[in-house]
Each structure stands twice: as C-alpha cells, then as structure tokens.
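Everything on this sheet refers to the single structure shown next.
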Amino acid sequence: MMRRDIATEDDIKLLVDTFYDHVNQDEILSPVFNGFANVNWPQHLPVMYKFWSTVLFGSMAYKGQPFPKHMRLPVDRKHFARWESLFTQTVNELFEGPKAAEAKQKAASIARIFQMKLGLFSTLEQ
C-alpha cells in the first residue's frame, strides 16, 4: 500500500492523535504522561497540532516554550529512546515522503536537544 506524505493540517492531526494513542498504551511512557504529568489530553493535543504544524509547515501557530514543561519530568534516556521510536514507528505506519522524513529527523533532533538540556548526555556524545 502506497502511503502519501504529510501535507495538510489534517495529516498533522492524524499523526499526533495516532502517536499519542501509542504513547498512552506504552508501558514506559504512559506512566509519565498519565501518572506523573497527569496530561489533560483534550487541552494538550491541540497544542501538539500547533507545535508540529509550526515545525513541519512553518505555520507559526505554536507560541510557547516546550522545554520548561519537561524539566520536572522523571525521565531518562530510555524514555527519550522510546518516545523517538514510537514517533518514527507512527510516521512510518501512516506516511512516506520528504515531509515524513523531515518529521522523523525533527523528532530525533528535539529528543537530542531535550536530553542535552536535561544533562542526560553531553554534546560530545551522539
């Protein structure tokens, strides 16, 4: 089956909704999102639509600073590895093409930057 590329806001919504469905079923990530952070999903998902629209389409819909909200979370490198793996898996199951590849690259970059800011590894490690 031929998958198409990420091209519309509806594609972003599908990606985000499907990804967080996976997160909510994940034994490593669900406790962080639903236990410790107690995420309000009806409020959080529209923010994530705007975030990924800004990242992938340059829409500038997202106004905020994502990192501070993550500083207090009880996460380590395994959480970031799982997050990135689930994101990549979700993109691959739904889409293919240059924008899909960009989404995976941006997610990997975000995970790396957050881990560096949290002191989970130095800029020398990759």
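The values are calculated or read from the model by the stated rules, or taken from the named source; none is laboratory data. As the structure is a computational prediction, the values presented were derived from the model and not from experiment. So basically every Cβ, Gly included, is an ideal-geometry build from the backbone, and we count neighbours across all protein chains shown. SASA here: full protein model, heavy atoms, side chains in, ligands and nucleic acids out. Shrake-Rupley method; radii C 1.70, N 1.55, O 1.52, S 1.80 Å.
Here are a few things to note about the model shown:
- Taking the listed residues V91, V55, V23, V39, the one that is without any contact (Cβ under 8 Å) to a residue 12 or more places away in the chain, open to solvent by less than 70 Å² (accessible area, probe 1.4 Å) and among the hydrophobic types (A, V, I, L, M, F, W, C) is V39, with no other qualifying.
- Restricting attention to the stretch 26-36, the residues that are open to solvent by 50 Å² or more (accessible area, probe 1.4 Å) and aromatic (F, W, Y) total 1.
- Here E96 clears all of (1) at pLDDT 90 or above; (2) part of a helix (DSSP H, G or I); (3) open to solvent by 30 Å² or more (accessible area, probe 1.4 Å); (4) not small (G, A, S) except the condition numbered (2).
- Residue within the stretch 24-44 that is modelled with pLDDT of 95 or more, under 27 Å from P98 (Cα atoms) and not charged (D, E, K, R) present: no
- Residue satisfying all of: in the stretch 63-88; open to solvent by 40 Å² or more (accessible area, probe 1.4 Å) and not in a helix (DSSP H, G or I); nearest to R112 (Cα to Cα) among these: D76
- Scanning the stretch 1-15 for residues that are open to solvent by less than 60 Å² (accessible area, probe 1.4 Å) and either at pLDDT below 95 or not in a helix (DSSP H, G or I) (or both) yields D5, I6.
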